[in-house]
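J.: I am attaching a structure below and will ask some questions about it afterwards.
Each value in this text was obtained by applying a stated rule to the coordinates, not by laboratory testing. Not measured: the values here are computed from a predicted model. Please note: Cβ atoms are built from the backbone with ideal geometry, for glycine as well, and neighbour counts cover all protein chains shown.
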Amino acid sequence: MNAADGTTKTVSVLIVDDQLPFRAVARTVIGLTAGFEVAGEAETGEQAVALAVAQPPDLVLMDINLPGINGIEATRRIRAAHPGVAVILLSTYSEADLPDDAREVGAIAYVHKEDFGPALVRELWQQNRG
């Protein structure tokens with residue numbers, strides 16, 4: 001992650017999931033991913049939007065099923081306010097079972113929670129941010 005001035009930039013990550021155990025896993029994954037750090041956490045779509053709009057992270061790990069507005073709508077709102085924020089949608093859905101609008105909100109990828117790990121986070125970031 002090189003910044004424009006040639007220095008190494010840490011990628012700030014907002015974790016959004018209504019389940020504390022998964023947020024703990026996500027914190028561990030980000031902690032194990034060199035060059036990435038947790039910038040904040042949210043339990044609801046509304047919290048995610050408020051945090052991301054107030055202090056835009058570089059990357060959002062967004063659960064699809066959330067209380068209040070779901071992760072798809074939260075992603076839509078975050079990307080509308082800050083188009084440069086990358087979002088990875090996470091869920092236990094198979095890709096074929098994703099809601100149609102999940103493909104249209106501007107997320108860089110959909111990841112099944114079982115496949116989520118440091119190597120995949122780094123790979124998706126590098127593919128989409130160069």
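J.: Quick one: Cα centre-to-centre distance for the stretch 103-125 and the stretch 18-53, in angstrom?
T.: What the calculation gives is 14 Å, centre to centre.
J.: Sticking with this structure for a sec: Would you kindly state how much longer the chain becomes between residue 110 and residue 129 on full extension, computed as 0.36 nm times their sequence separation minus their alpha carbon distance, in nm to one decimal? Before the final figure, lay out the partial values.
T.: Numbers: separation 19, 0.36 × 19 = 6.84 nm, distance 1.61 nm.
Contour length minus the Cα-Cα distance gives 5.2 nm.
J.: Same structure again: Arrange the peptides 20-29, 35-44, 112-121 so that the one whose residues have, on average, the most other Cβ atoms within 10 Å appears first. Present the calculation step by step, with values, prior to reporting the outcome.
T.: On the way: 20-29: 15.2, 35-44: 17.9, 112-121: 13.6.
Packing order, densest peptide first, comes out as 35-44, 20-29, 112-121.
J.: May I pose another question? Counting Lys and Arg as +1 and Asp and Glu as -1, each charge on the Cβ, what is the dipole of the chain about the Cα centre in debye, to the nearest 20?
T.: Using only the charged Cβ atoms, the result is roughly 420 debye.
J.: Now for a different question. May I ask you to derive the relative contact order of the stretch 11-129, considering only C-alpha pairs under 8 Å and at least 6 residues apart, and to give it as an integer percent? Mind dumping the intermediate values first?
T.: On the way: 204 pairs, mean separation 28.0, N = 119.
Across the stretch 11-129, relative contact order equals 24 percent.
J.: Highest first, please rank the peptides 65-71, 123-129 by the mean number of other Cβ atoms sitting within 10 Å of their residues.
T.: Numbers: 65-71: 17.9, 123-129: 13.7.
Ranking the peptides 65-71, 123-129 by packing returns 65-71, 123-129.
J.: If you fit an axis through the alpha-carbon atoms of helix 118-129 and take the longest principal axis of the Cα set of the chain, what angle between them do you get, 0 to 90°, nearest 10?
T.: 80 degrees
J.: Per DSSP H run of at least 4 residues, take -39500 (n - 2.57); add these up for the chain, divide by its residues and hand me the 222 nm value, nearest 500 deg cm²/dmol. Provide the component values of the computation, followed by the final result.
T.: Working: 4 runs with 45 residues, N = 130.
Result for the chain, helices only: -10500 deg cm²/dmol.
J.: Which label belongs to the value computed from this structure, given these candidates for percent of Cα pairs over 24 Å apart: [x] 19; [y] 48; [z] 15?
T.: Checking each listed value against the structure points to [x].
J.: Antiparallel as a % of all DSSP beta bridges within the chain, to the nearest 5?
T.: Details: 1 of 20 bridges.
The antiparallel proportion sits near 5 percent.
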